[in-house]
Amino acid sequence: MDKQEAKKRIEELTHELHRHNHSYYVLDNPQISDYDFDQLLKELEKLEQQYPEFASPDSPTQRVGGQVTKKFASVKHKYPMMSLGNTYSRDELEEFDARIRKLVNEPFSYVCELKYDGIAIGLTYKNGRLVQALTRGDGVTGDDVTHNVRTIRSIPLVLPSEDIPAEFEARGEIIMPHKSFIELNKIKEQNNEALFANPRNAASGSLKLQDSALVSKRNLDCFMYGLLGESLPFQSHYENLQQAKAWGFKVSSLTRLCENINQVMEYIEEIAQERLNLPYDIDGIVVKVNQYSVQEELGFTSKAPRWAISYKFKAEQGITILEDVTYQVGRTGAVTPVAKLSPVLVAGTTVKRASLYNADKMEELDLHYGDTVFVEKGGEIIPKIVMVDIAQRPSDAKKIEYATHCPRCQTPLERKEGEALYFCPNSDHCPPQIQGKIEHFISRRAMNIEGLGEGRIEVLINNKLIEKASDLYGLTYDQLLGLTKTIEEEETGKKKKISFQQKTVNNILTAIENSKSVPFERVLFALGIRHLGETGAKKIARELKSIDNIVNSTFEELTEIPEIGERIAGSIKDFFNNHENLEVLQSLKDAGLNFEIEVPDETMAGDRPLEGKTIVVSGVFEKYSRNELKELIEKKGGQNTSSLSSKTSYLLAGENMGPEKRKKAEKLNIPVISEADFESLIQQ
Ligand code: IVH
C-alpha cells in the first residue's frame, strides 16, 4: 500500500469506526460484532503506526486513552454554568408555571428532561471537532478534563461536516451506569480498596483520574441536555436537542416536548414509574421553557435561570419494624452494624436489611428494639434507615447498645482515635478475618488459586483444615475428598451444596502447586499487608528485590520508594513485627513460593547497556514494530518516552518520521539514531 492509499484507508476506517461507535454507544444498536469492530480498530492502529503523520487526536484509536494529566488546568467558562432551582412539590411546579405566564405574553411550550445524577460537563466543539471539556467547578471556572472525556465513547470526537456551527458548546451530564458501577466496586473490593458510595461519586472520581487509559476502562456514559452558541441552527431548545442527536450526541429518547403544565405533570407521573427500570440514576426531572426568545425575556436570578426548574423525586421510603442489629466483620476486622428489619417493599424490592454505617450513626438515631423506622433507597445500593418514628416506640423498648465484643470470636472490640468503625483486633484467629485473608491470598491478582471460591475456603476453615494461608500448601487429597456443606443464600433462601469431589480436589491441588511459580511481586501482594495494593507491592518488589530485604528495611528506606507513603510503610513494619506473620512467612518460604524477584536469565544478566538512557521512538522500522522496540528498550535498562525533551538521550528515527521531530531533536542537541545504530547500541 502506498502513502496515498494508506491515507485513504485511514480515512475510511476512521469514518466506519466512528459510525459503529455511535451505533453501539449512542443508539444502543450495534451493526457489527465486537470481533469485527476490533479487527477494524487493529487495522487502523497499525496504519496509524506506520503513517503517524495521518494519525489524528480525533481518531477512534484514541478512545483507549494514554495521556496523563498531572494537574487539571483551571479554565474560565465561556458561558457560566448556572445551577437550577428545585422543588419536591407539584404545587410549586404549578406556581412556577403561573409565574412565567404572568411575565410572558407570547405562547410557549416546555421541554421535560431527565435530571441525570452525575457530573456536569461542558464540551466545546470548533469546526466540528471536540477541543475542550470542562467540569462545572465553581460555575465560573472549571477543570479541563479533555483527555479523560475523549475516552467516553458516547461523546462524539468529530461531527459530520454539514451545517455545524463554527463554534458551540454542548452541555451534558457524565454518568456511570449501574452495571459499570457494580463491576467497578467488585474489583475495588477484591483489591481491598475503598468502595464508591454511589454511581455519581464513581463518575466524579473516574473523571479526575490522572491516567486517561484508566478512565477509558470505567465505562462512563454521557447524556447531552443543551447547546450554547452564537449561531445555533434553531431558536428553540427542543429542535436544537434533536439536531444534536442527529449530529451524533446521546440525547435521551425520554426527552419530551410538552404543550402545558398538565402534560408536564403527566410526564412526571410516567417517569416516576419508568425510573426504576433505568440502567442509571436520575434524581428528578428538569422542566425548561422551549423558546429561546421567552428564555431571554425571563432571564436569570443570580444563581439560576428563571425559565427552568427541577422537580426532584423523593427517595423511595418504606416504613417497617427494626427487629435487631447484627454486626458484620470484614476481612480487615472492621465491624459494621446492620439493621435486621421486618421485610418491606421499597422501590420494587423487598428490603430486609439496612446499613447503619457506624456507632455514631446508631447513636444519632437513638435506636431501640422494636422501633418503627423509615428506610430509604437513595443513590446508595444498600438501603439505609433515615428516621425513627418515636411516637410508635413501645413503652418498654430497650435501647440498642453497640456491641462490645466481636460477634464471631468474642474478642473485645477496639476503636482507634478518630476512626468511625470499631475493629476486632484478633486478626489471626477471628474466622471472617482468616477467611478474608485467605480469600485475598488465593484471588486472581494474587496467587490465582482457582477452584477454592464459592464458599470452599469457609468449608476448609470450619473443618479446621486451614487457619492461615500457608496451611494451603500442606493440604492432602485425602483431607479434601468428600468434604461437603449445604449453604443457604441469605436473600433468596435457596440451598446450595458445596462438595469436594475427585475432579475438584485434583484441580485444587494442581492450582495450589502451580501457585508456587507466581512471581514475587504478586506473592508480596497476596500476604495481605494492610494498605499495600497491587501497584505498591510491585514498586517495592522491584526496588528491594527480596522479602528479606523488605523485612530488614527501615521505615525511612521504605518511604524513599516512589509512591510508598508513611501509611503503607508503617503498615509494612507492623506486619513484619508480628511474630505470627513471620511464622506464616517462614512456612510459605518452606513451601517453595517465590520470595525474590526473578533473576533475568543467564544471557541477560548484567546486559543493560541502555541503563539511564531515555529514548523517543518515531516513524516506522524495518525489523521491529514500535511495541517491540519499546519492550527492547526497557529490557535493556532504558526508558521509552513519547515526547522529546532536554532529558532525551536519543531519538530513534524510522521511515516517515515528521520533519518537525528531527528539527526539534537538532535544536535540543539530541543524537538521531537509526535502527542499525540502535542494534549496535544494545549489542555493546
Ligand atoms: S440544565 C441553566 N438539564 O443538574 C440550566 N441540568 O443544578 C443548567 N443536570 O449539575 C442545567 N440533568 O449538570 C440541566 N437535563 C438536565 C440535567 C441537568 C442533570 C444537572 C446539571 C447540574 C445540575 C443543575
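Apply the a/c threshold of 1.5 to the C-alpha gyration tensor of the stretch 329-380 and tell me whether it is rounded, prolate or oblate. Please report the intermediate quantities before stating the final value.
Numbers: a/c = 1.92, a/b = 1.33, b/c = 1.44.
Oblate is the answer for the stretch 329-380, as a/c is 1.5 or above yet b/c matches or exceeds a/b.
Using the Cα gyration tensor of the chain, with a ≥ b ≥ c the square roots of its eigenvalues, what is the shape: rounded (a/c below 1.5), prolate (a/b larger than b/c) or oblate (neither)?
Oblate.
Which of rounded, prolate or oblate describes the stretch 470-551 when judged by the alpha-carbon gyration tensor and an a/c cut-off of 1.5?
oblate
Setting aside same-chain residues fewer than 8 positions from K416, which aspartates and glutamates have a Cα under 20 Å from its Cα?
Leaving aside aspartates and glutamates fewer than 8 places away in the same chain, those within reach of K416 are E193, D360, E363, E364, E401, D428, E566, D574.
Using the structure shown, list the pairs from K245/K288; K516/K589; K115/K312; K340/K398; K3/K630 with a Cα-Cα distance above 20 Å, or answer none.
Going by Cα-Cα distance, K3/K630 fall outside the 20 Å limit.
I need the calculated FRET efficiency for the pair S625 and R445, taking r as the beta carbon distance and R₀ as 41 Å, to the nearest 0.05.
That gives a FRET efficiency of 0.90.
Where q = 0.09, 0.17, 0.19, 0.22 Å⁻¹, what log10 of I(q)/I(0) comes from the Debye formula for the stretch 256-382, counting one point per Cα?
The Debye formula, applied to the Cα set alone, gives -0.44, -0.94, -1.06, -1.27.
Report the local net charge at L610: Lys and Arg +1, Asp and Glu -1, summed over other residues whose C-beta lies under 13 Å from its C-beta. Working shown, then result.
On the way: positive: R608, K613, K630, K635, K636; negative: D607, E611, E631, E634, D677, E679.
Net charge in that neighbourhood comes out at -1.
Can you tell me, using C-alpha contacts under 8 Å and at least 6 residues apart, the relative contact order of the chain as a whole percent?
Value for the chain: 10 percent.
In deg cm²/dmol and to the nearest 500, what is the mean residue ellipticity at 222 nm of the chain if only DSSP H runs of at least 4 residues count, each as -39500 (n - 2.57), divided by the residue total?
The per-residue figure over the chain is -10000 deg cm²/dmol.
How long are the semi-axes of the equivalent ellipsoid of the stretch 182-290, defined as square roots of 5 times the Cα gyration tensor eigenvalues? Whole Å, largest first.
Three semi-axes, in Å: 33, 20, 10.
Say the cut-off is 18 Å between C-alpha atoms; which of K7/K667; K217/K635; K613/K636 go over it?
From the list (K7/K667; K217/K635; K613/K636), the Cα-Cα distance tops 18 Å for K7/K667; K217/K635.
Among the lysines, which fall within straight-line cross-link reach of K8, defined as a Cα-Cα distance under 17 Å, with same-chain neighbours fewer than 8 residues apart omitted?
Correct list for K8: K42, K46.
We did not get these values from a lab; they are worked out from the coordinates using the rules stated. Since we're looking at a predicted model, the values are computed, not measured. Don't worry about glycine lacking a Cβ; one is built from the backbone with ideal geometry, like all the others, and counts go over all protein chains shown.
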